[in-house]
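The values are calculated or read from the model by the stated rules, or taken from the named source; none is laboratory data. The shown structure was predicted, so the numbers you read here are calculated from the model rather than taken from an experiment. Glycine also receives a Cβ, built like all others from the backbone with ideal geometry; neighbour counts cover every protein chain displayed.
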Amino acid sequence: MRWLRRNAVVIAGLLTLAYLILPNVIVMVFSFNKPNGRFNYEWQRFSTDAWSDPCGVADLCGSLGLSLQIAVWATIGATVLGTLIAFALARYRFRARSSVNTLIFLPMAMPEVVMAASLATLFLNMGIQFGFWTILIAHIMFCLSFVVTAVKARVMSMDPRLEQAAQDLYASPTQTFLKVTLPIAAPGIAAGALLSFALSFDDFIITNFNAGSTVTFPMFVWGSAQRGTPVQINVIGTAMFLIAVLCVLGGQLFTGRRKRS
Amino acid sequence: MTDLATTDSSGGDVRLTGISKTYGSFTAVQPLDLTVPAGSFFALLGASGCGKTTTLRMIAGLEEPTTGTVELAGKDVTALPPYKRPVNTVFQNYALFPHLDIYENVAFGLRRRGVRSVKKQVEEMLDLVQLGPLARRKPQQLSGGQQQRVAVARALINHPQVLLLDEPLGALDLKLRRQMQLELKRIQTEVGITFVHVTHDQEEAMTMADTVAVMNGGRVEQLGAPADLYENPGTTFVANFLGTSNLITAEIAETGGEHLLLTAGDAKLRLPAARCSASSARTGEKVLAGVRPEKVALAHADDAGSIPEGANRLPGRIKDASFIGVSTQYVIETPGAGELAVYEQNIERDGRLVPGAEVVLHWNPAHTFGLSADQDIAAGADVDEEAA
């Protein structure tokens, strides 16, 4: 009993962790399944067939490539625009400042399906062809909020005297921005960019409303789930998860080594 | 960056002409003229909000003056942005770059000016401030005193004509502050650069500076060497802000001769005419007679006969006595002049000098100074010294 009380925090932590990781583990395990029939819901027997042929299902790798492409461009667009907006909101007092603040916050607060439908209406009324560009525009729009929020927090907490110190030490405004402001804001910008990539890559609702006949990876998964779930989906999911984990580990190793040296 | 004014180690004059700063309807700095001679250690002293930091920032170029000009070594730099002025600043709380290590912080100014090989200079500078082994640490891994030394090194490595220090010791504890005061003074003597130091700590200003300008309400109240300001304050603010003063409202009874004869209640006081800064001193007018607490001696009322002839005397009763080691500080209630402070060295302590005892205060008339009576007698007395 006493042991339980002393380790309660650790036990609660481990249980929460298990709760978070369990779905990923299931996906991972079933990527080695060899199902009978079209649905990958029951464990049959171990096989690496799907891993040796991840593109074996028609259109899967095409949709994956498209999703990655959209995610990369949406991240770049949202990060650049969002960083600029964040600096403007944090640094300057202008007339529409508070309304812009609210506007930026809206996409995060609004139900996604409402935004998706209104965007689709807008594109339809303007007579714009649905496809890659409408998806990209929609993704940049909602990723923007997250970048602005992350970068603004960082810029607001920055001591304005650092930039004055840089100017005092012969740095021109451009040099001050590149050598002091940007490096200090970088963690916020990076956080915003990572969020954008993740949000764009797995967005389904908004994309589905504005894609036309274009099919992204989440849409492919959704579509195939009605007719059967190829094991390759689990393979891609597992691979994405592992890549993300590797990136985080690599990042921690890198910063850890820099701190020690 | 090649158009920087030439920088040599001899430092340059700073000349402010009619400089002022207003924010909307608030005037931070009244039009002021100030010349800081090359190679001197100059202190701007005043309470928070007196305009001293704004004045410093106008010299650095971080604040644009509303009127007036700033000249450095004979060159008008009013229109130059901060990064083109041959001055460097040690900021309050140091403003070290958190993303750069100590070495890169110190090298920052050299690199921005396109200096190729910075290694030797940076290492020399880090040795000067005794931080060589910590070159690869980040600022947040250093103690307050070490960060302060980095900030000084980062500014000095550029050999500015003028080094500006904005409350550089405010964040340090008392002992470290005393140590850094001596350290800064030593560095200044060594490099010979003009230092302009902003502080609210009167003791700091007096220990370090050759010349002190006391600022109040956006204007310079008085300017001079520390000892001169202390002995001959020109206004009640200076008298109360620099140390403690006893100010007694008195009426001029007699003029002519070396001394003015004053009456305060029943007491008669003498004031050297040369030390009276009141603009007019005619019979019947009021003046403030001042004397520093450490220059006043106490005699028990029974011993009043032994007081030297010709001394200024005031009878009173001890209200409070606090023993603080080197001296004992008394508060004396006097009928004619209110409460006065007296600091007595603890050499031969008179056991009868306890609260309630009747005493006579006496001092050499030469230690009396006179101030114009048309000012607030308590100005500068209750200024919160800890407010930055």
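What pairs come out if I take residues in segment A:164-175 that are at the interface with chain B (Cβ under 7 Å from one of its Cβ atoms) and pair them with residues that are hydroxyl-bearing (Ser, Thr, Tyr) whose C-beta lies under 7 Å away, six or more apart or interchain?
These pairs meet every condition: A:GLN167/A:THR176; A:GLN167/B:TYR83; A:ASP168/B:THR89; A:TYR170/B:TYR83; A:ALA171/B:TYR83; A:SER172/B:TYR83.
Can you name every residue in segment B:58-77 that is within 14 Å of chain A (Cβ to nearest Cβ) and not hydrophobic (A, V, I, L, M, F, W, C)?
B:GLY61, B:GLU63, B:GLU64
Please go through (1) within 11 Å of chain A (Cβ to nearest Cβ); (2) in a helix (DSSP H, G or I) for B:VAL150 and return the number of the only condition it doesn't satisfy.
The one condition B:VAL150 does not meet is (1).
To keep it simple, each residue is scored yes or no on (1) β-branched (Val, Ile, Thr); (2) surrounded by 23 or more Cβ atoms within 10 Å (Cβ to Cβ); (3) more than 14 Å from chain A (Cβ to nearest Cβ).
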residue: B:THR27; (1), (2), (3): yes, no, yes
residue: B:ASP33; (1), (2), (3): no, no, yes
residue: B:ALA38; (1), (2), (3): no, no, yes
residue: B:LEU56; (1), (2), (3): no, no, no
residue: B:ALA79; (1), (2), (3): no, no, yes
residue: B:PRO86; (1), (2), (3): no, no, no
residue: B:VAL90; (1), (2), (3): yes, yes, no
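Pull up segment B:354-386, narrow it to residues that are crowded, with 17+ Cβ neighbours inside 10 Å and out of contact with any strand residue (DSSP E or B) (no Cβ under 6 Å at 6 or more places or on another chain), then point me to the one that is modelled with the lowest pLDDT.
The qualifying residue modelled with the lowest pLDDT is B:VAL383.
From the list A:TYR92, A:TYR41, exactly one residue is among the hydroxyl-bearing types (Ser, Thr, Tyr) and modelled with pLDDT under 80. Which is it? Let's see the steps before the verdict.
Working: A:TYR92 fails: modelled with pLDDT under 80.
So the residue among A:TYR92, A:TYR41 that is among the hydroxyl-bearing types (Ser, Thr, Tyr) and modelled with pLDDT under 80 is A:TYR41.
Exactly one of these conditions fails for A:THR149: (1) of a type outside the set (A, V, I, L, M); (2) facing chain B (nearest Cβ under 7 Å); (3) assigned to a helix (DSSP H, G or I). Give me its number.
The failed condition is (2).
Which of the following residues is closer than 28 Å to B:VAL77 by Cβ, surrounded by fewer than 17 Cβ atoms within 10 Å (Cβ to Cβ) and within 12 Å of another protein chain (Cβ to nearest Cβ): B:VAL115, B:VAL106?
Answer to the check: B:VAL115.
Here is a check on your reading of the model: is A:PHE105 aromatic (Phe, Trp, Tyr) and either within 14 Å of chain B (Cβ to nearest Cβ) or surrounded by 15 or more Cβ atoms within 10 Å (Cβ to Cβ) (or both)?
no
Inside segment A:178-239, counting only helices (runs of 4 or more DSSP H) that do not spill past its ends, which hold 1 or more residues that are basic (Lys, Arg) and surrounded by fewer than 17 Cβ atoms within 10 Å (Cβ to Cβ)?
Numbers: elements: A:182-201, A:205-210, A:217-227.
Once the helices (runs of 4 or more DSSP H) in segment A:178-239 are filtered for at least 1 residues that are basic (Lys, Arg) and surrounded by fewer than 17 Cβ atoms within 10 Å (Cβ to Cβ), what remains is A:217-227.
Answer yes or no as to whether B:GLU203 is surrounded by fewer than 22 Cβ atoms within 10 Å (Cβ to Cβ), closer than 28 Å to B:ALA239 by Cβ and either within 14 Å of chain A (Cβ to nearest Cβ) or not small (Gly, Ala, Ser) (or both).
yes
Limited to segment B:210-219, what total is found for residues that are buried (at least 21 other Cβ atoms within 10 Å of the Cβ) and among the β-branched types (Val, Ile, Thr)?
Kept after step one, since they are buried (at least 21 other Cβ atoms within 10 Å of the Cβ), are these residues of segment B:210-219: B:212-216, B:218.
Filter again for among the β-branched types (Val, Ile, Thr), leaving B:212, B:214.
Residues that pass the stated criteria total 2.
What residue, among those in segment B:266-310 that are part of a loop (DSSP other than H, G, I, E, B) and under 21 Å from B:ASP376 (Cβ atoms), is farthest from the chain's Cα centre (by Cα)? Before you say what the answer is, go through the steps one by one.
We begin by selecting, within segment B:266-310, every residue part of a loop (DSSP other than H, G, I, E, B); these are B:266, B:277-285, B:292, B:296, B:307-310.
If we keep only those that are under 21 Å from B:ASP376 (Cβ atoms) as well, we get B:277-281, B:285, B:292.
On the way: B:SER277: 21, B:ALA278: 23, B:SER279: 25, B:SER280: 28, B:ALA281: 29, B:GLU285: 32, B:ARG292: 17 Å.
Once the filter is applied, the top-ranked residue is B:GLU285.
Exactly one of these conditions fails for A:CYS55: (1) part of a helix (DSSP H, G or I); (2) in contact with a Cys (Cβ under 7 Å, 6 or more places away or on another chain). Give me its number.
Tallying (1) part of a helix (DSSP H, G or I); (2) in contact with a Cys (Cβ under 7 Å, 6 or more places away or on another chain), A:CYS55 fails exactly one: (1).
Matching residues to (1) modelled with pLDDT under 90; (2) closer than 14 Å to A:LYS152 by Cα; (3) crowded, with 19+ Cβ neighbours inside 10 Å; (4) under 16 Å from the mean Cα position of the chain (by Cα):
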{"position": "A:ALA71", "(1), (2), (3), (4)": "no, no, yes, yes"}
{"position": "A:ALA74", "(1), (2), (3), (4)": "no, no, yes, yes"}
{"position": "A:LEU81", "(1), (2), (3), (4)": "no, yes, no, no"}
{"position": "A:ILE85", "(1), (2), (3), (4)": "no, yes, yes, no"}
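Could you tell me how many of the residues in segment B:183-202 are touching a Ser or Thr at 6+ places or on another chain (Cβ under 9 Å) and either on the phi > 0 side of the Ramachandran plot or free of Cβ contacts under 8 Å to residues at least 12 places away in the same chain (or both)?
1
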